[in-house]
There are 2 protein chains.
Amino acid sequence: MIARTPSLHAVGAATLALLFATTSTIAHADEGMWTFDGFPAEKMQADYGWAPDQAWLDTVRASAVRLTGGCSASFVSDAALILTNHHCVASCLYDNSTGDNDLLEHGFIAASLRDEKKCPGQQAEVVTKIEDVTGDVKAAIGALTGEALTKARDAKIAEIEAANCTDTAKFRCQVVTLFGGGQYKLYTYRKYSDVRLVWSPEDRAATFGGDPDNFNFPRYSLDGSFLRAYEDGKPVKTRAHLTWNPRTPQADEATFVVGNPGSTSRLYTLSQLAFEREVRLPITVATLSELRGRLIRAMEESPEHAREGLDLLSGVENSLKVYIGRTKALNDPAFTAKLAAAEADLKAKSASNAEIGDPWAQVDAAVEAYRTLYIPYRYDAPSGTLYSYAQALVMGATERAKPNAERLPGYTDSALPLTEKRLLDEAPVYPWLDELQMAWSLSKAREYLGVDDPQTRLLLGKESPEGLSERLVTGTKLADPTYRKQLWDGGLAAIEASDDPMIQYALKLDANQRALKQKVDEAYAGPVTQAGAKLADARFDAYGDSLYPDATFTLRISYGRVKGWTERGNEVPFQTTMGGTFERATGAEPFDLPSQFAAKESAIDKAVTYDFVTTNDIIGGNSGSPVIDKAGTVIGAAFDGNIHSLGGNYGYDPVLNRTVVVSTAALQEALETIYPAPRIVKELAAK
Amino acid sequence: MIARTPSLHAVGAATLALLFATTSTIAHADEGMWTFDGFPAEKMQADYGWAPDQAWLDTVRASAVRLTGGCSASFVSDAALILTNHHCVASCLYDNSTGDNDLLEHGFIAASLRDEKKCPGQQAEVVTKIEDVTGDVKAAIGALTGEALTKARDAKIAEIEAANCTDTAKFRCQVVTLFGGGQYKLYTYRKYSDVRLVWSPEDRAATFGGDPDNFNFPRYSLDGSFLRAYEDGKPVKTRAHLTWNPRTPQADEATFVVGNPGSTSRLYTLSQLAFEREVRLPITVATLSELRGRLIRAMEESPEHAREGLDLLSGVENSLKVYIGRTKALNDPAFTAKLAAAEADLKAKSASNAEIGDPWAQVDAAVEAYRTLYIPYRYDAPSGTLYSYAQALVMGATERAKPNAERLPGYTDSALPLTEKRLLDEAPVYPWLDELQMAWSLSKAREYLGVDDPQTRLLLGKESPEGLSERLVTGTKLADPTYRKQLWDGGLAAIEASDDPMIQYALKLDANQRALKQKVDEAYAGPVTQAGAKLADARFDAYGDSLYPDATFTLRISYGRVKGWTERGNEVPFQTTMGGTFERATGAEPFDLPSQFAAKESAIDKAVTYDFVTTNDIIGGNSGSPVIDKAGTVIGAAFDGNIHSLGGNYGYDPVLNRTVVVSTAALQEALETIYPAPRIVKELAAK
């Protein structure tokens, strides 16, 4: 599955439309994660003989939903029924499960509105307005550099967001940095912070083939689910929604994917790519692989562990596949040669432009500085839900006492409601899982920092990673949302008076974390933002302004077509059928059939299109995005890319990159036959 | 610790003395793992004002011991007392431990000869003769290529070995490929297949600081132990031994390390290095990290698991540190620039030599072919002791039925005694640990081959990695050495008649393994051997014949000196003292003091030199090597390199690379005060 959660720390990178087109003979017709105010209608018209008009785009935009858990989705009824992926609601199923009733295993069907279940931490957001605030932010930055630049930028952003969203219960304002600092846009969202679970198939129906089949195709996955947005305890009446169209996709027909790609790095400079290949990816793959191993074994210890660890393991395995795919891409000389050629082309085209200067050299120097800061910055805190609560409480207490413009980004007036919701929503905590993550992350901190590093001593004192984790997890009361609320409301005085060991630990780490962020802002984030603005100017000058920015977990539209590909000489057909599942099943995990699905074998129409692939350009964060046809009706939900799409973080390959979609036809079959939900069938069919 | 076990599949690589000297201003005075017939006495004389004479070299050579477990060692008494590392006898301690008596935890002191305990699978070997057989082997190869080349070479080697060692109970003959095919030498060993445990400290005394301190210095490790070679039930009377000298090392004094470095790749061509960096290392680090995680968690489940898994975990963590260090080295542009310059220099010097041709292009083509064979070849079998028994039994049955010259290398007349000993020696098997390794390796096979690969189907059928592993491990009787003996003696008929599921499984995999080996020989090993001979000729032509070959787990001598280094501006002193241990101890694993060591705190002379570093050029396989002074007396046992030595696989850096040694002074203090062994003290002191 494409990753649910986009990186929260993407540091300014910028991108370029038709990146490869300048250096290769292949026209990358379908490349691009376009902003709605920059849709290349003329280009699509030229390539496809058709392009959507403004009304089409407006309806689609108003129907598109962002889920703050890190996914995309869409309204599919006038009562705020939301289509998304199963893997986007897995946390909700998990949080609502008990030892007696495992919703992941058995699936979930709400018989009535009353039975729909709240999803902790989840919020649905719909873009209502996009405004260009580039002038304001750039003016605030002026000639500042380093940390002064990031401070001034963040202060101005906080100010703009606060001024434009006074009703933070219903609206969320977010200034987004595009083109790595070339543009700043204010997105206003109508938000719905009460999101409930409506319908989900058995987990195995969505995860059939498990990690081995993840990012592969042909695929047999029912990775779809339904949620509903509520307000004031009632379903929201949606202003716009997509028409549900449970039909078979046609070869080569045009498809649109509308959603929130999380993060791409397509215009990283070569020094940033070298850093990825040489530093970040190797550490990430090695350490996540170890976590994977610890989890796999721990989950074999009992059925409870198996259930409680599944959500984290799925996320870890998914991320690992992504990072391993990226490593392969950056170790492929043909792939990196194209990236190098693109940089060389831009440099050549900018050589005579004195305004541009040498932003590449500035990035090189920033990356060089970041090489020494990276390990300490990466390991300034342990992992784990309980620790993250403590850190949010400690940071929040200090930050909220400051004027809005001086706070860290997660604690500004516009960001606080979601931070608070994530902190205070009731959700189960499994102490063994927190202990496992803490011990793992602290032992990796010691491994990469070294035993004698002052930061290792700060993190561990004289304790072992295992001993410290056990003491903190056993001793803390932060699993209790009432206690969290009490500390949050009590502010800094309550935090400092608390004898909770996890709070005391987070307090102990706080100063070092702030100092490190300051250093990174000064030596890396600031310079890269400054250079990013210049690089964006260089691109606009060289290639015109019909470009798409790197992904930022904001709304984009991609166009493409239904199309298979050729794998080592063999044609991969564009679709699978539901019946194929029974042929692929072996009985052994993860190729075992889910029991209700298996029980309905004779009733299922085996010819129904199950999953299909398109050439749309997507990435993690797009999970759950509606796949829309020319008529504007929804014919599927994007849930994955093929294995070749993993290099898509750095560049799109039109020959091999594919989006993987679960068809509305398959979901309709499931709603009617396997996991019957006549109430939802009726709601979807309403005109 | 430097790795105990050298790679068993090192494919022809060659090396070059003074590799960097040709491209850098630093004279690498101390680089080199020299063969005894090629010791550069003149060069050492020039650098040190002293060099050993032939008598000195002869005595040292006759005292040097190779341990077939993958370590080095030396005789230190006339009754075959052997000095080596604790980590080289850990398997023996582990195999002789029971739930009631954990020899790893408590250490071991044999009060009398009668109490000395046999080490399963272990054999001690002393070189008695080295002969050049290059002409014979090259003549047999003639103009052959590909698999025909490797077959002819292996047949000739089998013939030479069989002809020269008729008494295989006492002698072992081994033809070694040096300079990647440039030279072939016949090593004759006097062998002792009954090796017993004499004295070992507590495991924590040797592993104090555990994985975090591994490959680091300053260090506080008592990584020494004593074994004894037996024959006919009695201690062997040694022809030569080193004089035990428990004294303090002096700054800058000359030191010699005599042992068996396992494997280096210093003369890999750039395409081979690229393969390492792009393919082999990333897969190795990711998959071993996962195994590490599975083991860490499994060992937390019970004290039995903690004890039974320790040996494997130590090995995995040690290997991981090595591979991560190599990854760093190959991702360091300054380091790889030197390697590239060395290749360019050799190419330039060989340009006018028509005899050489273009062996680099031949290696490039072989590596390109190997890229597609590597994953299937790597994953042609699962891991685990029980499976490895089955594979040896199945392969052995077929191979032994063939004429000697047609057998696979591990099954020739000269190789069979050790193969048989390893297979038939009684050693404990822990089913959970075998299951864990099998399930891990099979799931990695499926991950890297892909679910739909025919080899995945061969390995798994319709079973899951977990289900298959459980079925085979639970069903097999191969843990019983009597049953193994029965099948070994019964030959192919017994194998084919066996209903043992592990045997049946190994039989099922056999044909595919042979076919893959054939393909690898044809496309990679053959061409690389052919090119290796040319590259060796090129080097001899360009730089003269005073070169040392890449390491091959055969006897070498390195000279250097006692010397610290400068780490980020700080001087690292060349030695630690035993008292320093008490300051570094935190009480938390792995910085907890071993109990007997802690109990003797007041009695221990804290000023005694504990560990020290030298500039000697060593690598995994050198573990346990005696560190010898000019007088020919032993002043320590090498047990590790510092973190900078990890790039040493590809090139030696005289500024930073260091060998880490446990001093004889510390061992003497331990023998007298902490783990008292007056019998051994007396034996060591005898003149």
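Summary of the geometry: the stretch A:98-117 and the stretch B:282-352, compared by the centres of their Cα atoms, lie 46 Å apart. Counts of other chain beta carbons within 10 angstrom of each beta carbon in peptide A:280-289 average 4. Placing a label point 7 Å from Cα along the Cα-to-Cβ axis, A:Ala162 is separated from the same position in the other copies by 8.9 nm, shortest listed first. Using R₀ = 22 Å, calculate the FRET efficiency as 1/(1 + (r/R₀)^6) where r is the Cβ-Cβ separation of B:Asp232 and B:Glu426; round to 0.05. It comes out at approximately 0.65.
Rg ratio for the protein assembly as shown: its Cα radius of gyration over 2.2 N^0.38 Å, N being its residue count, equals 0.97. Around the Cα centre of the stretch A:268-331, unit charges on the Cβ atoms of Lys, Arg, Asp and Glu (plus for the first two, minus for the last two) sum to a dipole of about 340 debye. Phi-derived couplings, Karplus 6.51 cos²θ - 1.76 cosθ + 1.60 at θ = phi - 60°, listed residue by residue for the stretch A:141-147: 6, x, 9, 5, 9, x, 5 Hz, with x used for Gly and Pro. Modelled spin-label separation between B:Phe335 and A:Glu601, with each label point placed 7 Å from Cα along the Cα-to-Cβ direction: 5.5 nm. Other residues whose C-beta falls under 9 angstrom from the C-beta of B:Ala542 contribute a net charge of 0, scoring Lys and Arg +1 and Asp and Glu -1.
Here A:Arg457 yields copy-to-copy label distances, from shortest upward, of 6.1 nm, the label point defined as 7 Å from Cα along Cα to C-beta. The alpha carbon gyration tensor of the stretch B:630-672 gives principal lengths a ≥ b ≥ c with a/c of 1.5 or higher and a/b greater than b/c, which makes the shape prolate. The orientation-averaged projected area of the convex hull spanned by the Cα atoms of the stretch B:515-618 comes to 13.6 nm². Inter-chain neighbour count for B:296-303: the average number of beta-carbon atoms from partner chains within 10 Å of each residue's beta-carbon is 5. Taking a ≥ b ≥ c as the square roots of the Cα gyration tensor eigenvalues, with a/c under 1.5 meaning rounded and otherwise prolate when a/b beats b/c, else oblate, which class fits the stretch A:507-555? Oblate shape, in that a/c is at least 1.5 and b/c is the bigger or equal ratio. Computed extension gain for A:Asp37 through A:Arg371, at 0.36 nm per residue and net of the alpha carbon distance, reaches 116.5 nm. Ordering B:Leu113, B:Tyr184, B:Val662 by the projection of their Cα atoms onto the charge dipole of chain B, which places +1 on the Cβ of Lys and Arg and -1 on the Cβ of Asp and Glu, puts B:Tyr184 at the extreme positive end.
Total buried accessible area between A and B, probe 1.4 Å, nearest 100: 3100 Å².
Classification of chain A by its C-alpha gyration tensor yields a rounded form. The axis ratio a/c (a ≥ b ≥ c) stays under 1.5.
Here chain A exposes an accessible surface that is 52 percent carbon and sulfur, computed with a 1.4 Å probe and the other protein chains kept in place.
Only the Cβ atoms of Lys and Arg (+1) and of Asp and Glu (-1) were treated as charged; on that basis the dipole of chain A about its Cα centre amounts to roughly 780 debye.
For B:Pro218, neighbours were defined as the other residues whose beta-carbon sits under 13 Å from its Cβ, and their charges (Lys and Arg +1, Asp and Glu -1) total -4.
Pairs A:Lys117/A:Lys234; A:Lys191/A:Lys630; A:Lys606/B:Lys462; B:Lys156/B:Lys534; A:Lys321/B:Lys444: which exceed 24 Å Cα-Cα? Those over the limit are A:Lys191/A:Lys630. Remark: mean inter-chain Cβ contacts per residue of A:74-83 equal 0, using a 10 Å Cβ-Cβ cutoff to other protein chain atoms. Taking H placed 1.01 Å from N in the peptide plane, check which residues at least 5 places from B:Glu231 or on another chain put their amide H under 5 Å from its amide H. HN-HN under 5 Å from B:Glu231: B:Val236. Across the stretch B:489-506, rounded Karplus estimates of 3J(HN,Hα) from the backbone phi angles (6.51 cos²θ - 1.76 cosθ + 1.60, θ = phi - 60°) give 5, x, x, 4, 4, 5, 4, 5, 7, 5, 9, 5, x, 6, 5, 4, 5, 5 Hz, Gly and Pro being marked x. Calculated [222 nm] ellipticity per residue, helices only, for chain B: -13500 deg cm²/dmol; basis is -39500 (n - 2.57) per DSSP H run with n ≥ 4, divided by all residues, nearest 500. Rounded to the nearest 0.05, what FRET efficiency do B:Phe540 and B:Arg239 give with R0 = 35 Å and r taken as the Cβ-Cβ distance? Could you check? Rounded to the nearest 0.05, the efficiency is 0.55.
Cross-link partners of A:Lys338 among lysines, defined as those whose alpha carbon lies under 17 angstrom from its own and excluding same-chain residues fewer than eight positions apart: A:Lys328, A:Lys347, A:Lys349. By Cβ position, the chain B residue that hugs the axis carrying B onto A most closely, with its distance in whole Å, is B:Gly293, 1.
The label point for B:Gln518 and the one for B:Lys462, both projected 7 Å from the Cα toward the Cβ, are 3.1 nm apart. The value for the stretch A:268-331 of Rg(Cα) / (2.2 N^0.38 Å) is 1.36. If you take every residue apart from B:Phe36 with its C-beta less than 9 Å away from the C-beta of B:Phe36, what net charge results, scoring Lys and Arg +1 and Asp and Glu -1? Net local charge, B:Phe36 excluded: 0. Solvent-accessible area per residue in the stretch A:268-331 equals 29 Å², computed with a 1.4 angstrom probe and all protein chains kept.
Using 1/(1 + (r/R0)^6) with R0 = 60 angstrom and r between the beta carbons of A:Asp489 and B:Glu470, what's the FRET efficiency to the nearest 0.05? Approximately 0.70, to the nearest 0.05. For A:Arg471, the label point sits 7 Å beyond Cα toward Cβ; its separations from the matching points on the remaining copies run 4.9 nm, from shortest to longest. Relative to the isolated chain, which residues of the stretch A:455-501 have their accessible area cut by 10 Å² or more in the presence of all protein chains (1.4 Å probe, heavy atoms, no ligands or nucleic acids)? The answer is A:Lys462, A:Ser464, A:Glu466 - residues whose exposure falls by at least 10 Å² when every protein chain is included. Placing a pseudo-label 7 Å from each Cα along the Cα-to-Cβ vector at A:Lys170 and A:Ala344 gives an inter-label distance of 5.7 nm.
The values are calculated or read from the model by the stated rules, or taken from the named source; none is laboratory data. Since we're looking at a predicted model, the values are computed, not measured. Every residue, glycine as well, gets a Cβ built from its backbone with ideal geometry; the counts of neighbours run over all protein chains shown. These area figures cover heavy atoms from the full protein model, side chains too; ligands, DNA and RNA do not enter into them. Shrake-Rupley method; radii C 1.70, N 1.55, O 1.52, S 1.80 Å.
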